[in-house]
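Undergrad: Provided herewith is a single structure, encoded as structure tokens, for subsequent inquiry.
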Amino acid sequence: MTDEKTGGGTPVPQPEEVNGPRSGDLVTGAGAPRTLEVVEVREGMFGVHGSGDTSGYGGLVQPVAMPGASPRPYGGWFDEVVDVLAEVLAEGGTRFEAAVERVVVDPPGAHAELTIHVHRDHLVDVCRALRDDQDLRFELSLGVSGVHFPHDVGRELHAVYHLTSITHGRRLRLEVSVPDADPHVPTTTSVYPTNDWHERETWDFFGIVFDGHPSLARIEMPDDWPGHPQRKDYPLGGIPVEYKGATVPPPDTRRSYS
């Protein structure tokens, strides 16, 4: 690899050089080793690729990596929760492997957090098991978050549920991934009524449709607002601002953003 230099003599990384994790890399630590899946590589900022612009971000090459499944043992109480959940699902006639896509412990180390990736068809059953079993007792859902990964093909939209066990003093996340072409997830309001407004907000901002929701209407944006404004493919938009002797164009017409 050959570095180009600016006038100040600072090496500028070339676009083909990716500084960071690559697909298949191993991460070590608690709940590891596990693989990483790179779903996107971001280059530069403001449309600049591979040159030393004054913002300092011209040579930026940053991979976006998703943590893969973690191996056993997960560490701490994580193994107990996963084992009990598997038993409860089996008692109801559902295989753990059919309901759960993968278990992720991340980040590695003392501050590791547990995320259980669930297939959408089994989301409500998993929520009910986590809430009702006496050894689990995740009684409270703190909310639903939407995430948009446009380059995670076939699973572009993610709904993330933040659950708390007041009884046992524990927290975990459930995560469901759906394709942009079929953005449907069953509502969890029958298990966690507090998710009512959170699911509305996630639909409002990301376009994830929660089937069976009692009133899936906009909650933040006006009823006639076009699109879902927290998606990464949503245009910046804006209106021109006029000053005496000058006009500032809206953000989406000023320059190229990457």
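The values are calculated or read from the model by the stated rules, or taken from the named source; none is laboratory data. These numbers come from a predicted model, not from an experiment. Backbone-built Cβ (ideal geometry, glycine too); neighbour counts: all protein chains shown.
Undergrad: Within the stretch 145-154, identify whether any single residue is acidic (Asp, Glu) and either on the phi > 0 side of the Ramachandran plot or modelled with pLDDT of 95 or more (or both), and answer yes or no.
TA: No, the stretch 145-154 contains no residue that is acidic (Asp, Glu) and either on the phi > 0 side of the Ramachandran plot or modelled with pLDDT of 95 or more (or both).
Undergrad: Output the number of residues of the stretch 116-140 satisfying the condition of being within 17 Å of the chain's Cα centre (by Cα) and either buried (at least 17 other Cβ atoms within 10 Å of the Cβ) or over 25 Å from residue 72 (Cα atoms) (or both).
TA: Going residue by residue through the stretch 116-140, those that are within 17 Å of the chain's Cα centre (by Cα) are 116-120, 123.
In the following step, the residues that additionally are either buried (at least 17 other Cβ atoms within 10 Å of the Cβ) or over 25 Å from residue 72 (Cα atoms) (or both) were identified as 116-118, 123.
Selection size over the stretch 116-140: 4.
Undergrad: Mind listing just one residue for me: the one in the stretch 206-258 that is part of a loop (DSSP other than H, G, I, E, B), aliphatic (A, V, I, L, M) and within 23 Å of residue 152 (Cα to Cα) and, of those, modelled with the lowest pLDDT?
TA: Step by step, filter the stretch 206-258, then rank; the result is 236.
Undergrad: Residue by residue through the stretch 143-164, note down the ones that are assigned to a strand (DSSP E or B) and either under 10 Å from the mean Cα position of the chain (by Cα) or in contact (Cβ under 8 Å) with a residue 60 or more places away in the chain (or both).
TA: Step one: of the stretch 143-164, the residues assigned to a strand (DSSP E or B) are 143-148, 157-164.
Listed by number, the residues that qualify are 145, 146, 147, 148, 157, 158, 159, 160.
Undergrad: Still on this structure, I have one more. Which of the following residues is under 26 Å from residue 65 (Cβ atoms) and surrounded by fewer than 16 Cβ atoms within 10 Å (Cβ to Cβ): 97, 156?
TA: 97
Every residue, every condition in (1) in contact (Cβ under 8 Å) with a residue 12 or more places away in the chain; (2) over 22 Å from residue 211 (Cβ atoms); (3) among the aromatic types (Phe, Trp, Tyr), yes or no:
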residue: 104; (1), (2), (3): yes, yes, no
residue: 109; (1), (2), (3): yes, yes, no
residue: 112; (1), (2), (3): yes, yes, no
residue: 131; (1), (2), (3): yes, no, no
residue: 138; (1), (2), (3): yes, yes, yes
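Undergrad: Here's another thing I want to ask about it. Quick test for you: out of 135, 125, pick the one residue that is assigned to a helix (DSSP H, G or I), modelled with pLDDT of 95 or more and not aliphatic (A, V, I, L, M).
TA: 125 is the lone residue from the list that is assigned to a helix (DSSP H, G or I), modelled with pLDDT of 95 or more and not aliphatic (A, V, I, L, M).
Undergrad: Considering only the stretch 50-88, state which residues are assigned to a loop (DSSP other than H, G, I, E, B), more than 26 Å from the chain's Cα centre (by Cα) and either surrounded by fewer than 16 Cβ atoms within 10 Å (Cβ to Cβ) or at pLDDT 95 or above (or both).
TA: Within the stretch 50-88, 51, 54, 55, 56 meet the criteria.
Undergrad: Out of everything in the stretch 174-205 that is closer than 27 Å to residue 153 by Cβ and among the aliphatic types (A, V, I, L, M), what residue ends up being surrounded by the most Cβ atoms within 10 Å (Cβ to Cβ)?
TA: If we take residues in the stretch 174-205 being closer than 27 Å to residue 153 by Cβ and among the aliphatic types (A, V, I, L, M), then 185 is surrounded by the most Cβ atoms within 10 Å (Cβ to Cβ).
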